[in-house]
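The values are calculated or read from the model by the stated rules, or taken from the named source; none is laboratory data. Note that the structure is a prediction, hence the values are computed from the model and not measured. Cβ sites come from the backbone with ideal geometry, for glycine too, and all protein chains shown count toward neighbours. Only protein heavy atoms, including side chains, enter the accessible area calculation; ligands, DNA and RNA are left aside. Shrake-Rupley method; radii C 1.70, N 1.55, O 1.52, S 1.80 Å.
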Amino acid sequence: MDVRAQISMVFHLDKCIGCHTCSVACKNIWTDRKGSEYMWWNNVETKPGTGFPTRWEDQEKYRGGWELCDGKPQLKSTSKSKSLTDIFHHPAQPTMDDYYEPWTYDYQNLFNAPEGDDQPTARPLSMVTGEPINIEAGPNWDDDLGGSPVYAANDPNLAALSPEQRRQLFAVERLVMFYLPRICNHCLNAGCVAACPSGALHKRGEDGIVLIDQARCRGWRACIAACPYKKTFYNWQTGKSEKCILCFPRLETGQAPACFHSCVGRIRYLGVLLYDADRIEETARKADEELIEAQRSMILDPFDPLVLEAARRGGIHESVIEAAQKSPVYQFVKVWKIALAPHIEYRTLPMLFYVPPLSPVLSSKASGVLKNETESLFHEVDNARAPLEYLARLFGAGHSGKVRYALKKQMAVRAHRRAVTVGDLDRATADRMLCEADCTTEEAEAIFKLTALCTFEDRFVIPPAHREMAIEMLEDPQEHKGAVGFGFVQGPKRGA
Ligand code: SF4
Ligand code: SF4
């Protein structure tokens, strides 16, 4: 057992209000420079929708992530024989049209326009050419267009739905949408790290943050092709690639990343997970339907004496172990099993997990009075307005079992709290729902507290930084090319 520590994240989708404060906080700190105008290390998408870059989930087009060849994970975007031919032009790279042409406005015209009959306007100007442009795409172009035939209907995940389900999803009275905030998942089997011909990407040994060494990057952009989440970006000004750094300078001083700190809906949680690096390759080889459970079992119990012994042997500091024991992420992912990795079938083993969204509570209005029908207040999970098959494509590798489990448990927590606070749902019904959802009253209370009554300290359990113990600063990344990171004493085995 090779125990490693990873700073991991949970985003609770029921709480996201789509305000984009997170994106703006990140933009202001990290990507407001020349060459990074189009970059959004944090972006928030409306689902169903096409996202940023458009249809990023379509791996037939973008060829990101890993696929199993003879039972072994291989990068889809490249191979030993293709890496030379693709190095100057990779046909599956996203283009400017897939992102959008960044623009600004001619603000000066508002002040300098000669006096006339009309109000002056600020026309959009391309930030690439400086010329006026017609805006045809943007980082969140399908914002709130839940039922739009152009954007929502082109969501690749809708392939899982029958024509009837699609029709129902887009029927006006059943329209449903939710927000999907996205950052780099700081994966365990990161495609970006494995694909880089220059060995410029690495996963920090002490906390698992995936970084691009700007001095080593040669701008080949293999990381962009290999990341199935399209979370590395090419800076045309510096000629290097860039990505989310999980605000490591903030983490090292005990502060939450900017997008976490600023999150208005308080949907974000951050904490340490201990995992067994020896099992990365074995996990990435599993069949789609086994991936969620396999990744969960790689995540280790921070109270287990055997794990603690191996962690100490591997040089993990006591304060990091203590943080792992208090980690909110561990509760959501491993104990309650209600947070799931996005598109785990890409096999990069993401370390960002989402609590899938429930459908809204049903109310009806009769004679001007809003009525809550307790009988049908909570949807049956299998008949939810956001179809289970759709959520299963996003969070269950196309299999609905684990997603259904997470939704049923959340629904039972809702029912339990309804019985406690409003009282119009009888105790016996709430208890039955809890029992069917594999949830005790104590667990329901704990989920409720961490979801609805959590403090800043509950949400962000950040271990003190121990840069003095980080060995990768002394090592040559080229020696560790093809391994997950170079903070590992021995590179863990993984695909390719
Ligand atoms: S999401 Fe994973 S594969 Fe993509 S940039 Fe981040 S670590 Fe790399
Ligand atoms: S700041 Fe929080 S609530 Fe607002 S869009 Fe971002 S993740 Fe959602």
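Whenever a residue of region 429-448 is farther than 27 Å from R459 by Cβ, its partners that are surrounded by fewer than 16 Cβ atoms within 10 Å (Cβ to Cβ), lying with C-beta atoms within less than 8 angstrom and at least six residues away or across chains, give the pairs D431/T441. The residue that is farthest from E389 (Cα to Cα), counting only those in region 17-61 that are among the hydroxyl-bearing types (S, T, Y) and away from ligand 1 (no atom under 16 Å from the Cβ), is Y38.
Of all residues in region 232-269, exactly one satisfies the criterion of being in contact with a Phe, Trp or Tyr (Cβ under 7 Å, 6 or more places away or on another chain), within 16 Å of ligand 1 (Cβ to nearest atom) and farther than 16 Å from G35 by Cβ, namely C244.
Select from region 156-182 the residues that are in a loop (DSSP other than H, G, I, E, B) and in contact with a strand residue (DSSP E or B) (Cβ under 7 Å, 6 or more places away or on another chain) and list them in ascending order.
Matches in region 156-182: M177 only.
For region 54-92, the candidate set comprises residues that are open to solvent by 80 Å² or more (accessible area, probe 1.4 Å) and within 20 Å of K231 (Cα to Cα); within that set, the residue that is nearest to ligand 2 (Cβ to nearest atom) is K61. Of all the numbered requirements in (1) modelled with pLDDT under 95; (2) open to solvent by 20 Å² or more (accessible area, probe 1.4 Å); (3) within 27 Å of E60 (Cβ to Cβ), R216 misses one, and that requirement is (3). Inspection of region 313-327 finds no residue satisfying the criterion of being within 16 Å of ligand 1 (Cβ to nearest atom) and either closer than 20 Å to V461 by Cβ or open to solvent by less than 10 Å² (accessible area, probe 1.4 Å) (or both). Looking at N140, is it in contact (Cβ under 8 Å) with a residue 12 or more places away in the chain and in contact with a His (Cβ under 9 Å, 6 or more places away or on another chain)? The answer is yes for N140. Kindly evaluate K334 against the criterion of being modelled with pLDDT of 95 or more, part of a helix (DSSP H, G or I), open to solvent by less than 30 Å² (accessible area, probe 1.4 Å) and of a type in the set (D, E, K, R). For K334, the condition - modelled with pLDDT of 95 or more, part of a helix (DSSP H, G or I), open to solvent by less than 30 Å² (accessible area, probe 1.4 Å) and of a type in the set (D, E, K, R) - is not met. Figure legend. Inter-residue proximity from region 257-286: first residues farther than 17 Å from C184 by Cα, second residues of a type in the set (S, T, N, Q) and within 10 Å of ligand 2 (Cβ to nearest atom), beta-carbon distance below 8 Å, spacing 6+ or different chains. Indicated pairs: S262/T21; V264/T21.
Of the helices (runs of 4 or more DSSP H) entirely within region 194-270, those holding at least 3 residues that are within 16 Å of ligand 2 (Cβ to nearest atom) occupy 258-261.
Hey, can you tell me all the residues within region 73-127 that are touching a helix residue (DSSP H, G or I) at 6+ places or on another chain (Cβ under 9 Å) and of a type in the set (A, V, I, L, M)? Within region 73-127, L75, I87, A92, A122 qualify.
Inspect all residues belonging to region 94-104 and state whether any of them is assigned to a loop (DSSP other than H, G, I, E, B) and either at pLDDT below 90 or aliphatic (A, V, I, L, M) (or both). Yes, the conditions are met somewhere in region 94-104.
May I ask you to verify whether E282 is of a type outside the set (S, T, N, Q), away from ligand 1 (no atom under 16 Å from the Cβ), closer than 20 Å to V355 by Cα and part of a helix (DSSP H, G or I)? No: the conditions fail for E282.
Taken together, the criteria place N134 among residues that are part of a loop (DSSP other than H, G, I, E, B), out of contact with any helix residue (DSSP H, G or I) (no Cβ under 9 Å at 6 or more places or on another chain) and more than 16 Å from ligand 1 (Cβ to nearest atom).
For the residues G65, G71, G51, the requirement of being touching a strand residue (DSSP E or B) at 6+ places or on another chain (Cβ under 9 Å) and farther than 15 Å from D97 by Cα singles out G65.
Among the residues of region 154-192, those identified as away from ligand 1 (no atom under 14 Å from the Cβ) and of a type in the set (V, I, T) are V172, V176. Would you mind stating whether W30 is within 20 Å of C244 (Cβ to Cβ) and of a type in the set (F, W, Y)? Judged against the criteria, W30 is a match. For residues that are β-branched (V, I, T) and modelled with pLDDT under 95, scanning just region 281-320, find the one that is farthest from A256 (Cα to Cα). In this case the residue turns out to be I316. For region 139-197, filtered to residues that are of a type in the set (V, I, T) and over 17 Å from the mean Cα position of the chain (by Cα), the residue that is surrounded by the fewest Cβ atoms within 10 Å (Cβ to Cβ) is V172.
Number of residues in region 1-32 that are touching a Phe, Trp or Tyr at 6+ places or on another chain (Cβ under 7 Å) and open to solvent by 40 Å² or more (accessible area, probe 1.4 Å) equals 1. Number of residues in region 108-135 that are touching a residue at least 24 places away in the same chain (Cβ under 8 Å) and loosely packed, with under 11 Cβ neighbours inside 10 Å: the value is 0.
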